[in-house]
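Below: the structure, in structure tokens.
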Amino acid sequence: MRVVQLHPCPVIAMIEGTVWGGACELVMSCDLIIAAEDTTLAMTPAKLGVPYNLSGILNLMKVADMPFIKEMLFTAQRLRQGV
């Protein structure tokens, strides 16, 4: 993820289907996200009782609002893109 964040050119994520855990953080590290209509995102560490790492949360905060982030991190439920 650090390589994506530090890359000198824009990085585009094209996603379809489900994006869970570390893959979700990787997508959120990109400069532009293009997602299919049926794409869902989930931060699964909450299901295991594991706190999510700070750098991942900071990446989420760059692209999503706080209620969306809290719902993802606290519930570990799959959320549709664009919510």
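The values are calculated or read from the model by the stated rules, or taken from the named source; none is laboratory data. Note that the structure is a prediction, hence the values are computed from the model and not measured. Neighbour counts are summed over all protein chains in view; Cβ atoms, including those assigned to glycine, are modelled from backbone coordinates with ideal geometry. Surface areas here come from the heavy atoms of the whole protein model, side chains and all, with no ligands, DNA or RNA. Shrake-Rupley method; radii C 1.70, N 1.55, O 1.52, S 1.80 Å.
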Next item on the list: Just need a number here: residues in segment 72-83 that are modelled with pLDDT of 75 or more and either open to solvent by less than 20 Å² (accessible area, probe 1.4 Å) or under 12 Å from the mean Cα position of the chain (by Cα) (or both).
Entry: 2
Notebook entry, point to check: When segment 27-40 is examined, which residues are found to be under 17 Å from F68 (Cα atoms) and out of contact with any Leu (no Cβ under 9 Å at 6 or more places or on another chain)?
Noted result: S29, I33, T39
Next item on the list: Report, by residue number, each residue of segment 1-38 that is in a helix (DSSP H, G or I) and among the hydroxyl-bearing types (S, T, Y).
Entry: S29
Next item on the list: Would you tally the residues in segment 45-71 being surrounded by 14 or more Cβ atoms within 10 Å (Cβ to Cβ) and assigned to a helix (DSSP H, G or I)?
Entry: 10
Note to self: Would you confirm, using the coordinates I've provided, whether A23 is open to solvent by less than 70 Å² (accessible area, probe 1.4 Å), closer than 22 Å to V3 by Cβ and under 11 Å from the mean Cα position of the chain (by Cα)?
What the structure shows: yes
Item checked: Given (1) hydrophobic (A, V, I, L, M, F, W, C); (2) more than 10 Å from the chain's Cα centre (by Cα); (3) open to solvent by less than 70 Å² (accessible area, probe 1.4 Å); (4) at pLDDT 75 or above, number of the condition A42 does not satisfy -> (2)
